[in-house]
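The values are calculated or read from the model by the stated rules, or taken from the named source; none is laboratory data. Predicted model, so just to flag it, every value in this text is computed and none were measured. Positions of Cβ are generated from backbone atoms using ideal geometry, with glycine treated the same way; all protein chains shown enter the neighbour counts. In case anyone asks, the SASA skips ligands and DNA or RNA and just uses the protein heavy atoms, side chains included. Shrake-Rupley method; radii C 1.70, N 1.55, O 1.52, S 1.80 Å.
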Amino acid sequence: MTIAWKEMKKSKTKFVILGSIIFLVSFLTFIISGLSNGLSQDNAALIKDLPAGQFYMSSDANETYNLSRINETVQKNELKKQKDATAFSIQMGFVNDAGDKQHSVAFVTSTDSKLFEKVGQGEVVLDRSLEEEGIKVGDTLTNNQFSGEFKVKGFVDQKKYSHAPVAYVNVENYKEIYRVNEMQLLFIPGQAKAQAITGLQSFSNKQFLNAIPSYNAEQMSLNMIVWFLVVISGMLFAIFFYMMNVQKIGLYGILKAIGVKTSSLFVMMWSQMLFITVIALGLSIALSQGFTMIAPKGMPFSLTVETTLQLSVIFIIIGFLGATLSGLQIKKVEPLQAIQQGEV
Amino acid sequence: MTIFTIDEVKKTFTNGEVEEQVLKGVNLALQEGEVTALVGASGSGKSTILTIAAGLQRATEGDILFEGKSLTKMSQEQIRKIRASEFGFVFQSAHLVPFLTVEEQLLLMLNVSESKMKKREQKEEVEKILKLVEMNHRKDAYPASLSGGEKQRVAIARAIIHKPKMLFADEPTASLDSKRSKDVMTLIRDLTKTLNITTLMVTHDEEMLPYADHIITMRDGLIV
């Protein structure tokens, strides 16, 4: 440990350069991951924020919630049986403000439930992003398929669907806009295992998210971007630590020759790797969290503590593997061979 | 008294399909407190036998006995322990640790040899040895700022600080001018005698031979 520290102190530039590379690569990974999570959240926050439970849509909908129609009798029975259950529908649409400016929204309506906003007829509750577009509480909005007007009752934070802000409307108003009588979906929160309901097909939260075509395709691309980045960054980490140690094979040869234990050499490699990685990761975590504050408004960015920790642990493990791999190579060579290799 | 014996040691290097026997059965006995010089033409195997004797690489055949114990039968860890506490090395180039000061190089060696000395005693010992090699005034210097002769003096100090029983020196004056070479050899000889260290030294410089008690000549992997 002392030797490791003394080397870092003496060769500051070398270690600062190495640390900067680790910082930049991890910062890039955190930012891309934050943007990807942000996009994912922007696409389906409405569904993702719901508690774990079971979604039901009609069996003949071919797993497409837009085509689903829940039979009214079945809905009534289930809502009676399950206290927290709710039926709801989502449709893309638009509203016009007083200046006749059109705003894309995802209309959402539901039966009485704590999980969705309760709105009266002629009222609308909007995602806060529309407030940033100039809409205020008390404003009047219109829709060309709706005979009346919507009065803005309030705003809610982070409620988006298919990248559009959510507009909670009353069931009766929704029925008028979309000329339908049935709800699309039934949701029973807290239900770990699906129950068999005649004519309905069940989905867990994850299965339901994947059944949303736009979400599924987008998520696959985003996940691929993030995982490719993680794998490539991880490999870079491992290669850097491997190269750093293999380059010093002559030094390790001298230390081995004078009788330094191989375990001490491993401790030296690991502690240097850990020191650089922890500082570089700490810096990139702080900066990526700081980025949330300076990111342009409306830019989807979400970097949770969980994701940050997961990525950090992956990087530390990979860095550790890289250092260990070079350590094993150094362990194998005889001191003289190591000294001679270092002289080349 | 014989402290170190090299018995029928052979070493073969394999390079692809080509095998080259560098040592063809070397026998040698080293007496306690004496300096033995190995001389011979380049490629005669003198450096190879020195590094095998010092436990820096393994022999293909034969045995090495240190105080009656066979090095060839020992595990890597046992050999490391002996290298750390009983052996000292001086290489052709000093091979100092670049990020340690002169004082730290010697303290590291004391730690590696698991010296029972307290920190203060270790510092005193370092000072004593540095005085002996006339390097006390450069104890805070890093290797990069030392001259070739100074580096070699520090390497010698590092090789003897833990009071080894054996000192192995591979052309310790190769990188030095004539005056510095004589200084270093005088130092090695004096320390050997003062501390009763047995020294095996490889040299190709005939001017260094008067400093040795015994001179052994090698040719084509054999002692002649």
Legend entry - Mean shadow area of segment B:117-224, taken as a quarter of the surface of its Cα convex hull (nm²): 8.0 nm²
Legend entry - Cα radius of gyration and Dmax for segment A:35-113 (Å): 15.6, 46
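Which peptide among A:9-18, A:271-280 comes first, and what is the full order, when sorted by highest mean count of other Cβ atoms within 10 Å? Intermediate results must be reported in sequence, preceding the final value.
On the way: A:9-18: 13.5, A:271-280: 19.8.
Descending packing order for the listed peptides: A:271-280, A:9-18.
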Legend entry - Other protein chain Cβ atoms within 10 Å, averaged over every residue that makes up B:92-99: 5
Inset, instruction - Run down the lysines and flag those whose C-alpha is under 23 Å from the C-alpha of residue A:136, throwing out any fewer than 8 positions away in its chain. - result: A:101, A:118, A:151, A:153, A:159, A:160, A:297
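Looking only at Cα atoms, what is the convex hull volume of segment B:22-109 per residue, in Å³? Intermediate results must be reported in sequence, preceding the final value.
On the way: hull volume 12.0 nm³, N = 88.
Per residue, the Cα convex hull of segment B:22-109 comes to 136 Å³.
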Legend entry - Inter-part distance where segment A:154-192 and segment B:64-89 are each reduced to a Cα centre, Å: 80 Å
Inset, instruction - State log₁₀ I(q)/I(0) for segment B:2-223 at q = 0.12 Å⁻¹ as given by the Debye formula over alpha-carbon point scatterers of equal weight, solvent excluded. - result: -0.63
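With n ≥ 4 as the cut-off for DSSP H runs, can you work out [θ] at 222 nm for chain A, using -39500 (n - 2.57) per run divided by the number of residues, rounded to the nearest 500? Write out the running numbers ahead of the final one.
Details: 11 runs with 189 residues, N = 344.
The per-residue figure over chain A is -18500 deg cm²/dmol.
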Legend entry - Per-selection metrics, segment A:229-344 (Cα): Rg and Dmax in Å: 18.2, 62
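Run the accessible area of segment B:2-223 with a 1.4 Å probe and give the carbon-and-sulfur part as a rounded percent. Walk me through the intermediate numbers first.
Details: 4700 of 9880 Å².
Carbon and sulfur: 48 percent of the exposed surface of segment B:2-223.
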Legend entry - Nearest-0.05 FRET efficiency for residue B:69 and residue B:120, computed from C-beta distance (R0 35 Å): 0.55
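Using the alpha carbons of the protein assembly as shown, what is the convex hull volume per residue in cubic angstrom, as a whole number? Show your work: numbers first, answer last.
Values: hull volume 128.4 nm³, N = 568.
About 226 Å³ per residue, rounded to a whole number.
Treating the beta-carbon of each Lys and Arg as +1 and of each Asp and Glu as -1, no other charges, what is the dipole magnitude of the protein assembly as shown about its Cα centre, to the nearest 20 debye?
Numbers: 60 positive and 59 negative charges, 258 e Å.
Taking the Cα centre of the protein assembly as shown as origin, the dipole is about 1240 debye.
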Legend entry - Sequence-distant residues sharing a close amide H with residue B:95 (under 5 Å, placed H): none
Legend entry - Highest-fluctuation residue, B:86, B:17, B:121 considered, GNM on chain B with Cα pairs under 10 Å: B:17
Inset, instruction - With no solvent and one equal point scatterer per Cα, compute the Debye intensity ratio I(q)/I(0) for segment A:132-243 at 0.11, 0.20, 0.21 Å⁻¹ and report its log10, rounded to two decimals. - result: -0.67, -1.22, -1.25
Legend entry - residue A:289 paired with residue B:29, simple spin-label distance in nm, labels 7 Å along Cα-to-beta-carbon: 7.4 nm
Inset, instruction - Pick out, from A:320, A:93, A:155, the residue whose Cα sits farthest towards the positive end of the charge dipole of the protein assembly as shown, with +1 on the Cβ of Lys and Arg and -1 on the Cβ of Asp and Glu. - result: A:320
Inset, instruction - Work out the FRET efficiency for residue B:204 and residue A:239 from their Cβ-Cβ distance, taking R0 = 56 Å, and round it to the nearest 0.05. - result: 0.85
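Jot down the per residue volume, in cubic angstrom and as a whole number, of the convex hull over the alpha-carbon atoms of segment A:47-211.
Values: hull volume 17.4 nm³, N = 165.
Convex hull of Cα atoms, per residue: 106 Å³.
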Legend entry - Other-chain or far-sequence residues with amide H under 5 Å of residue B:217's (modelled H): B:39, B:224
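Just from its helices, what would the mean residue ellipticity at 222 nm be for chain B, if runs of 4 or more DSSP H residues each count -39500 (n - 2.57) and the sum is divided by every residue, rounded to the nearest 500 deg cm²/dmol?
Calculated from helices alone, the mean residue ellipticity at 222 nm is -10500 deg cm²/dmol.
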Legend entry - Accessible area of segment A:131-174 divided out per residue, in Å², using a probe of 1.4 angstrom: 48 Å²
Legend entry - Mean Kyte hydropathy of -0.5 or more with a Cα span along the axis of at least 30 Å, helices from DSSP in chain A: A:12-48, A:213-247, A:262-294, A:305-332
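Roughly how big is segment B:2-223's charge dipole about its Cα centre, with Cβ charges of +1 (Lys, Arg) and -1 (Asp, Glu), in debye to the nearest 20? Walk me through the numbers on the way to the answer.
Values: 30 positive and 32 negative charges, 153 e Å.
Magnitude of the dipole: close to 740 debye.
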